[in-house]
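The values are calculated or read from the model by the stated rules, or taken from the named source; none is laboratory data. A quick note: this is a predicted structure, and the numbers were derived from the prediction, not measured. Note that each Cβ is placed from the backbone with ideal geometry, even for glycine, and that neighbours are counted across all protein chains shown. The area values use the complete protein model at the heavy-atom level, side chains included, leaving out ligands, DNA and RNA. Shrake-Rupley method; radii C 1.70, N 1.55, O 1.52, S 1.80 Å.
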Amino acid sequence: KRLGRICSIVFRIGQGKITHDPSTMYFQPFLPDLDEYVFLDIGCFDGSNSESFLSQTNGSCVIAFEPNSFNVSLITDRLKRYTSRFTLVNSALGDDRSESYITIDGPGSIITDDKIENSEKVVQETLDGIFERFDLWDKKTLIKMDVEGSELNILNGAKKVVGNQNTIWAISCYHKSDDLVNFYCTLNKLIETNKIYFRHLTRGACESVLFII
C-alpha cells in the first residue's frame, strides 16, 4: 500500500517536470512574495543563490550555511555589501550535533565520518538547533538544500522544523537515485497537505528541485 502511495506522488510531481532557466532555480514564479521570508541557504557554495535572493527582495535576510573554508572566503567577499541582511554560518548540517569531516577537493563538499586526504574537520549542527538559535519558529522561512546527497540527513535532524507550517522547502533531489522516495517517506504528511512542484532546470541529469509550499 505504501509503495503505491509513493509511486503515485512521484508520478504527480513528475507531471510538472519542465525546463527552466537555472539562474532562477530556487525562486520560481509559483512561490509567494518572499519579502517577508528568511532564506536559509543550506549548501551556500559560492553565494550566488543568496545574492540572487537578496537582490530580488526588500528587507528579507539570509542565513547561509557553508562548511568549506575556501568557499567561505568567496562568499564573504561576494556578499559584503549585504552585511546587514546576511549571516554566514561556517558549519555543516546533519542529523545530530557533532564533529565530522568534509572533502575539499572539487566544487562540492561531501561529509565523511573519518579524516581522509583533502578533508577538513567541521562542526555539524541540526536544523532544529538552528531554528532555536536564530528564533525562527514564528518567522516565514524558505529552506533551500543542495548538499551533495546529505539532504536526507539534514531532514532527519529537522523533526520539529518539518512540522512548521511557516516553511517552504526547495530540496535538490538528483544526487541519489532514491532521493524522491526517501524524501516522500520523510515528508509524507507535508506532501499530502501542501502544494508540490517539481522542476528540472538543465538539459543534463543535474539540478532537479522538489518544492513543498
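Which ranges mark the strands (runs of 3 or more DSSP E) fully within the range 86-162 that have 2 or more residues being modelled with pLDDT of 95 or more and open to solvent by 10 Å² or more (accessible area, probe 1.4 Å)?
Once the strands (runs of 3 or more DSSP E) in the range 86-162 are filtered for at least 2 residues that are modelled with pLDDT of 95 or more and open to solvent by 10 Å² or more (accessible area, probe 1.4 Å), what remains is 86-89.
With the checklist (1) surrounded by 21 or more Cβ atoms within 10 Å (Cβ to Cβ); (2) in a loop (DSSP other than H, G, I, E, B); (3) at pLDDT 95 or above in hand, flag the one item Trp169 doesn't pass.
Every listed condition holds for Trp169 apart from (2).
Gly14 fails exactly one of the following numbered conditions: (1) at pLDDT below 90; (2) open to solvent by less than 20 Å² (accessible area, probe 1.4 Å); (3) not basic (Lys, Arg). What is the number of that condition?
Here Gly14 meets the rest and fails (2).
Of the numbered conditions (1) in contact with a helix residue (DSSP H, G or I) (Cβ under 9 Å, 6 or more places away or on another chain); (2) open to solvent by less than 50 Å² (accessible area, probe 1.4 Å); (3) free of Cβ contacts under 8 Å to residues at least 24 places away in the same chain, Leu54 satisfies every one except a single condition; which is it?
Failing condition for Leu54: (3).
Being out of contact with any Leu (no Cβ under 8 Å at 6 or more places or on another chain), of a type in the set (A, V, I, L, M, F, W, C) and in contact (Cβ under 8 Å) with a residue 40 or more places away in the chain is true for just one of Val147, Val181. Which residue is that? Working first, answer last.
Details: Val147 fails: out of contact with any Leu (no Cβ under 8 Å at 6 or more places or on another chain).
So the residue among Val147, Val181 that is out of contact with any Leu (no Cβ under 8 Å at 6 or more places or on another chain), of a type in the set (A, V, I, L, M, F, W, C) and in contact (Cβ under 8 Å) with a residue 40 or more places away in the chain is Val181.
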